[in-house]
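The values are calculated or read from the model by the stated rules, or taken from the named source; none is laboratory data. For clarity, every value in this text was computed on a predicted model and none was experimentally measured. Backbone-built Cβ (ideal geometry, glycine too); neighbour counts: all protein chains shown.
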């Protein structure tokens with residue numbers, strides 16, 4: 001593996017892409033080429049296949065050296081016995097990077113292991129950057145480089161944004177990409193690593209630590225190749241303030257065996273890995289939902305969560321409020337008393353004469369009447385909480401259907417309140433989200449998601465995600481306060 005931290009630029013920012021093995025049929029031979037075309041890739045595309053003259057209306061060339069110009073990136077989707085000859089052509093032409101989609105190497109059988117060893121020897125000490133084999137491709141969403149499979153024809157990619165995701169599982173990368181799109185979480189880079197014959201998880205993380213368009217990094221790991229390189233990458237991510245949210249499988253003997261047969265990963269000791277994560281501020285989660293929830297919060301608020309941890313809860317349901325108070329205490333989030341100014345502002349609002357509190361004092365969580373969180377009144381209710389200096393974030397709890405026509409104005413008011421305040425606002429909306437039959441009005445939960453408001457259907461997911469995010473920023477602040485850490489990471 002090269003030590004050149006920018007050599008992945010050729011993968012994510014190619015001016016010319018060759019698809020070796022391109023076809024109009026097949027999940028990858030057709031799917032990757034179709035996605036490049038459908039999603040507006042701005043560069044040149046060279047289909048390579050000696051059996052065809054055109055692919056999707058583009059001229060098709062018999063070999064890489066027949067293309068009009070040298071490609072910056074070769075995407076290889078040929079049978080495994082043809083992969084090494086294709087790599088040989090890349091080396092002869094000086095192609096900077098190749099992504100090998102083809103499977104059947106070290107993860108498969110003895111012949112595959114031999115072929116991968118041959119591949120490693122072929123590219124050793126060369127300038128060729130190789131991703132894979134046995135991977136699902138990559139994407140640069142802002143740059144419209146969608147060199148992976150998205151799903152059924154016409155499936156849009158996620159919108160551009162600050163989240164990058166790297167995975168040792170190709171299928172999981174594509175599935176997570178779809179989930180990010182569903183939740184309208186903006187994405188920057190996606191990378192499927194496969195068997196890591198050259199580009200490793202450690203190098204990918206190091207690259208993203210320096211990537212200006214990446215604000216949050218998500219990762220799925222099955223094993224670690226180089227512990228020292230991993231620590232260096234984690235240090236750079238921490239210095240840059242780019243949180244890493246990671247799932248790692250292979251924690252048990254059964255999981256380690258599965259990882260070895262999947263992407264030929266070396267799972268290693270989970271106790272050692274956990275210690276490294278604690279030392280360098282990695283936010284480790286256990287499943288995909290936790291990954292998405294945590295990244296959604298971090299991507300929405302970024303540095304605004306620095307030092308956060310004091311939460312104001314506004315609830316339409318006393319039950320959800322008491323449950324959330326328990327969860328906050330367990331998660332280490334504080335529920336401070338509301339400021340006198342906030343309490344005065346709330347008591348001065350005629351519609352809220354029924355606000356609960358002992359005497360005239362209001363408590364946190366603050367249980368409000370239903371009318372206070374319907375339509376435009378919702379923004380008025382939230383305003384004093386968002387303006388309260390005694391808290392760092394506000395959580396709104398709703399327990400009702402979100403599919404009625406009148407729920408739309410409530411969502412609009414929440415969005416307006418969030419846009420008028422720099423303080424993070426999160427929403428838990430527990431209730432029906434999917435109407436029986438079609439509606440002619442926009443659904444409230446979709447409006448919130450599309451506006452970038454972190455939305456959850458139960459308090460535990462929201463509170464745990466917020467707690468993870470705030471712990472990261474507290475950890476980083478304490479870490480930066482130690483000059484020894486800065487000197488070591490310089």
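In this entry, residue 397 passes the filter for residues that are in contact with a helix residue (DSSP H, G or I) (Cβ under 7 Å, 6 or more places away or on another chain), over 19 Å from residue 183 (Cβ atoms), outside any loop (DSSP other than H, G, I, E, B) and modelled with pLDDT of 95 or more.
For residues in segment 149-164 being modelled with pLDDT of 95 or more and crowded, with 23+ Cβ neighbours inside 10 Å, which is farthest from residue 19 (Cα to Cα)? Across segment 149-164, the extreme among qualifying residues is 163. Could you please let me know if residue 96 is touching a residue at least 24 places away in the same chain (Cβ under 8 Å), more than 28 Å from residue 151 (Cα to Cα) and touching a strand residue (DSSP E or B) at 6+ places or on another chain (Cβ under 8 Å)? So residue 96 passes the test.
Evaluating residue 6 against the criteria (1) surrounded by 16 or more Cβ atoms within 10 Å (Cβ to Cβ); (2) more than 21 Å from residue 121 (Cα to Cα); (3) in contact with a helix residue (DSSP H, G or I) (Cβ under 9 Å, 6 or more places away or on another chain); (4) in contact (Cβ under 8 Å) with a residue 40 or more places away in the chain leaves one unmet condition, (1). Residues satisfying the criterion are absent from segment 43-51 (criterion: touching a residue at least 40 places away in the same chain (Cβ under 8 Å) and buried (at least 21 other Cβ atoms within 10 Å of the Cβ)).
Taking the criterion of being modelled with pLDDT of 55 or more and either assigned by TED's automatic domain parsing to the domain that holds residue 454 or not in a helix (DSSP H, G or I) (or both), the residues of segment 260-287 that qualify are 268, 269, 280, 281, 282, 283, 284, 285, 286, 287. Being free of Cβ contacts under 8 Å to residues at least 40 places away in the same chain and over 23 Å from the mean Cα position of the chain (by Cα) is a condition met by at least one residue of segment 442-463. Taken together, 85, 14 contain a single residue that is assigned to a helix (DSSP H, G or I) and either closer than 30 Å to residue 230 by Cβ or without any contact (Cβ under 8 Å) to a residue 24 or more places away in the chain (or both), which is 85. Say whether the condition of being in contact (Cβ under 8 Å) with a residue 24 or more places away in the chain, more than 30 Å from residue 234 (Cβ to Cβ) and touching a strand residue (DSSP E or B) at 6+ places or on another chain (Cβ under 7 Å) is met by at least one residue in segment 431-440. The answer is yes, given that some residue of segment 431-440 is in contact (Cβ under 8 Å) with a residue 24 or more places away in the chain, more than 30 Å from residue 234 (Cβ to Cβ) and touching a strand residue (DSSP E or B) at 6+ places or on another chain (Cβ under 7 Å). Note on segment 165-259: enclosed helices (runs of 4 or more DSSP H) holding 2 or more residues that are surrounded by fewer than 24 Cβ atoms within 10 Å (Cβ to Cβ) and at pLDDT below 95 are 170-182, 227-240.
Within segment 21-59, the set of residues being under 14 Å from residue 75 (Cβ atoms), more than 28 Å from the chain's Cα centre (by Cα) and either assigned to a loop (DSSP other than H, G, I, E, B) or not assigned by TED's automatic domain parsing to the domain that holds residue 135 (or both) comprises 21, 22, 23, 49.
For every residue, the table says whether it meets (1) closer than 19 Å to residue 179 by Cα; (2) in contact with a helix residue (DSSP H, G or I) (Cβ under 8 Å, 6 or more places away or on another chain); (3) buried (at least 18 other Cβ atoms within 10 Å of the Cβ).
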| position | (1), (2), (3) |
| --- | --- |
| 428 | yes, yes, yes |
| 432 | no, no, no |
| 447 | yes, yes, yes |
| 455 | yes, yes, yes |
| 470 | no, yes, yes |
| 473 | no, yes, yes |
| 477 | no, no, no |
